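Have a look at the structure below before the remarks.
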Amino acid sequence: MERSSAAGHIIRRAVRRKTVPLGIGRPESRAGWSPSVAPPIKANEGEIMYKMLIVDDEQFVLDTISVTYPWDQYGITNIDVAGSGAKALELFKTEPADIVITDIRMPGMSGLELINEIKKISNKTKFILLSGHSEFAYAQQAIQSQVLEYLLKPVKEKELLATIQRALEGIRKEWDEIVSYQRAQYSLRENLPLLRQTLLKELLHGKKYRKETLDHKLDMLEVPIRSGSPFSIMAIRLEKGFERFDYDDLDLIEYAVTNIVEEVFGEYFRLWKCKDVHDYLILIIHPLETEQNLFAADAEVHYILENCALQLQNCVKNYLNGNITVLLSPWGEFPNDTAAFYQNALLDLRMHLENDNGYYISPFNRKKPSLMTPLYNLYEPPTVLHLLEAGRWNDAEAKLIRIFTELEADPALNREHILEAALLIAYAATYITHKSGHYLTDLSFFRQDLYSELEHIGSVNHLKKWTFDILSSIRRKVVEDFQNNQTSIMHQVRTFIERHLLSDISLQSIADFVHLHPAYLSKIYKDESGECISDYICRLRMDKAAYLLTTSEDKVNDIAAQVGYVNPSHFIKVFRKHFSVTPNEYRRGNEG
């Protein structure tokens, strides 16, 4: 409890009242969605009230429609009437309606003119036009105004109520879609920090996206950076001074550090943050649009970044009573340099061992170590192991060709890199072999143990041959096992059918017997045998029926029962379709 209290006290000192989301720095204000007309009112839970406006220059029509119909049964509890288009428009501006019923011909503003004016205010209202004249021109204009229905006076009760019902169903459907969309938006917004972090981690580990796809994802997740933008990576490591906090408190500390980063860097940069598998805070730093011109001068960039980084370390020390290591990468182009910068950052952090005081690792004044070139294709997802596990043999082969091409193309790569690739490939091959229920020594390719095999690999060509030989051997074994399994399934299916030929055999019962999904069983049986299971069952029954017809004197009804048919008429129909003759004709044709 004391630790938690101490952490809470430190957090309150560090975190400003106006904080920003963990996943991103200084998001721009966004206008929320607002409907063009208020949604229907809910009187009680599950009960919706609708508003209707009736417009006609004849008082008799207004009274008839507003009073004589059971509107409360339709959920219409608020009804306004107007004797002119101008009065109706004035009412609508004060109290928007869900449904407007209007006469088409009125003094002053016509019904069509009223509809066009209301549509400027609301695009959700449903319109029903009334007219005493069946004129094509009016009907045509009504269609152009997207009127729900054009009704002739005197209006028939059944016709009007059916139109109102259709209007209400349309309103409910539209609002359901809006609510569903809002829920989806709410769910997305709730998960934005996690989704942003996931995307950043994918890019840090080398996942490739098409420019259009990536920019769409960045837009959707409201990340203020685009392909081709300048960026730098900042890595933050909490040093040993923070060991006094338990794991839960460290989450709060990291949150506080992120807020301090925002305060310090926010004047010049936008930030995009995640926490990697090493528990480092990794941030993409992107210049504000108004400050992009600053990044033309290296000296000024150096000053701004170094000043912000040193200020960050001081703030963390003063407010959180601990030290951090801050690493900044050079400027690069997003996202092309993201994975390489991240790998270099990890290497630099490994070279600077953890200590109590922390380091500032600048991209401008540190000596570049003589880096051994990493094998990016070997670790770029999906890995060889993932492809083999998914049964994507051709994709795995293409992946391996890229790995070998990389090994051959870079003169800086040596035998250690070849051994590195060989070990990873051997690991994948061993895993897949064991998962398939075999040992490596079961493969025809292996003449000695794995260590001896690896020991003799001294060149890329040798590794290439060894890899494709072992994968070819594994693939043959897997295919052989699959075929044996298919043969076993076929045998089990046919045995089950023969034993239950007299009963009502269903595909589901057979699938349950061999522990497979019915659709999958049907597919593999058809692929293996060339006929459907139902055709096989029918063929067996017909063959047995033909045999009984020629070797016994049993009646057709009895033979039908002996081959699994309850209905003799159905049996005769199937038999005739199969042999082109009836059972009795077949028997007579095979006598003596």
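A short reminder: the numbers here are calculations on the coordinates, not readings from a lab. Keep in mind the model is a prediction, meaning the values are calculated, not measured. Note: ideal-geometry Cβ built from the backbone for every residue, glycine included; neighbour counts use all protein chains shown.
Label 7 Å along Cα→Cβ of ASP410; the range 200-223 residues with amide nitrogen under 11 Å? It comes to no residues whatsoever. The modelled label-to-label distance between ASP554 and THR77, using points 7 Å beyond Cα along the C-beta direction, is 7.3 nm. For the range 163-284, the mean projected area of the C-alpha convex hull, equal to one quarter of the hull surface, is 11.7 nm².
For MET220 and ASN116, the difference between the fully extended length at 0.36 nm per residue and the C-alpha to C-alpha distance is 34.0 nm. Distance between the pseudo-spin-label points of SER509 and ARG183 (7 Å out from Cα toward the beta carbon): 4.2 nm. Highest mean first, the peptides 107-118, 231-242, 552-563, 345-356 sorted by other C-beta atoms within 10 Å per residue fall in the order 231-242, 107-118, 552-563, 345-356. Distance between the pseudo-spin-label points of GLU169 and TYR439 (7 Å out from Cα toward the beta carbon): 7.1 nm. Per-residue extension of 0.36 nm, minus the Cα-Cα distance of ASN191 and THR430, leaves a gain of 82.2 nm for this segment.
Extension gain for ARG350-LYS211 works out to 46.8 nm (0.36 nm per residue, less the C-alpha to C-alpha distance). Computed over all pairs of different Cα atoms, the Kirkwood value for the hydrodynamic radius of the range 376-482 is 14.0 Å.
If a spin label sat at a point 7 angstrom from the Cα of SER488 along the line to its beta carbon, the backbone N atoms of the range 506-527 nearer than 14 Å would be those of 514-516. Protection proxy ranking of 487-500, 379-392, by the mean of other Cβ atoms within 10 Å over each peptide's residues and highest first, is 379-392, 487-500.
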